[in-house]
Amino acid sequence: MNTFASLKQARKSQFDTLTSELNKLSSKSDNNSSKDDGYWKPVVDKAGNGSAVIRFLPAPVGEDVPFIRYWTHGFQGPGGWYIENSLSSIGKPDPVMELNSKLWNSGIESNKDIARKQKRNLHFVSNIYVVKDPANPDNEGKVFLYKYGKKIFDKIESAMTPEFDDETAVNPFDLWEGANFRLRIRNVEGYRNYDKSDFDTPSALLNDDDELESIWKSEKSLQDIIDPKNFKSYEELKSRLSRVLGEVEEPAFMREEVPVAAAPAVREASSPAMAESTAPWASDDDDDDMSFFKKLKDD
């Protein structure tokens, strides 16, 4: 897709490609936190509430999918904080995922608690056009990268694959027949909640194709974010993990004859599932907790 005309003409095939990509994401679990430059972040008030209207944009020039996803880990050990991108994002072995698998499969409940505490956090990134930003009006009419979590991605997936027969599938990333997204953030029990967020009725972002083309061409690459060169090596992550866990040898909790101290309480209820894809330590949670982890690390 090298021209704006081809983008407009190929909308149907793009929608089919996106639907196929969503199916892949649902059937398998495949990180890199990028620089904050060029990222839009919604602002909330002191009560933790906020709102904005944004438009998800199509894939950038030369790319096929309008979003990427990656995972991170954020937890504290005796040796400090471990806040790193997970190599599982690019299909490579990751030391935390390997450790969590061993902990979970040990059958020891306190080991499972540790694995839950060290679970990975899911992030998505898309290009967006800011339609309305009450907290920062200067952002309106501009293109940014936007990092979001599974709750918002679920809203996108629901629009593209509606549950009921009388609902029409919508490609939220389409410039002409997509829909603005009303982002509504609430503070529910100390966590950001996006349940009230929803898509408007489908409509063109703008009625001028020249302006739409300019917006499309101003998008930033998504694939650059998950380029393998931007990830630390397995050896670097393994070394960092060892320091955080305070290890000088094999961790005591991996030797079954040594009693295991209970880990701090966690939010999730214990799951009986043993497989990696469903174990809580491999949970695809939203990314909001990561900002909290990073703030603690920097303090």
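The values are calculated or read from the model by the stated rules, or taken from the named source; none is laboratory data. These figures come from a predicted structure and were not determined experimentally. Cβ sites come from the backbone with ideal geometry, for glycine too, and all protein chains shown count toward neighbours.
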Of residues in region 2-32 being more than 26 Å from the chain's Cα centre (by Cα) and part of a loop (DSSP other than H, G, I, E, B), the one modelled with the lowest pLDDT: Asn2
Odd one out for Tyr191, checked against (1) within 19 Å of Lys8 (Cβ to Cβ); (2) in contact with a helix residue (DSSP H, G or I) (Cβ under 9 Å, 6 or more places away or on another chain); (3) not acidic (Asp, Glu): (1)
Residue that is small (Gly, Ala, Ser), closer than 25 Å to Tyr70 by Cα and not in a helix (DSSP H, G or I), where the choices are Gly178, Gly141: Gly178
Single residue of region 34-66 satisfying the filter (among the basic types (Lys, Arg) and surrounded by fewer than 20 Cβ atoms within 10 Å (Cβ to Cβ)) that is farthest from Ala10 (Cα to Cα): Lys46
Matching residues in region 219-238 - criterion: being of a type in the set (S, T, N, Q) and within 15 Å of Trp81 (Cβ to Cβ): none
Selection count, region 186-210, where residues are polar (S, T, N, Q) and outside any loop (DSSP other than H, G, I, E, B): 2
Residue within region 225-239 that is out of contact with any strand residue (DSSP E or B) (no Cβ under 9 Å at 6 or more places or on another chain) and modelled with pLDDT under 95 present: yes
Qualifying residue in region 221-230 (condition: out of contact with any Phe, Trp or Tyr (no Cβ under 9 Å at 6 or more places or on another chain), more than 30 Å from Lys8 (Cβ to Cβ) and surrounded by fewer than 14 Cβ atoms within 10 Å (Cβ to Cβ)): yes
Residue within region 37-51 that is among the basic types (Lys, Arg) and part of a loop (DSSP other than H, G, I, E, B) present: yes
Filtered residues of region 81-132 (kept if small (Gly, Ala, Ser) and not in a strand (DSSP E or B)): Ser86, Ser88, Ser89, Gly91, Ser101, Ser106, Gly107, Ser110, Ala115
Scope region 150-173; condition assigned to a loop (DSSP other than H, G, I, E, B) and either among the β-branched types (Val, Ile, Thr) or crowded, with 19+ Cβ neighbours inside 10 Å (or both); matching residues: Thr161, Thr168, Val170, Asn171, Pro172, Phe173
Of all residues making up region 118-149, the number that are over 13 Å from Ile54 (Cα atoms) and crowded, with 20+ Cβ neighbours inside 10 Å: 9
Test: residue in region 59-74 that is part of a loop (DSSP other than H, G, I, E, B), in contact with a strand residue (DSSP E or B) (Cβ under 6 Å, 6 or more places away or on another chain) and modelled with pLDDT of 95 or more: yes
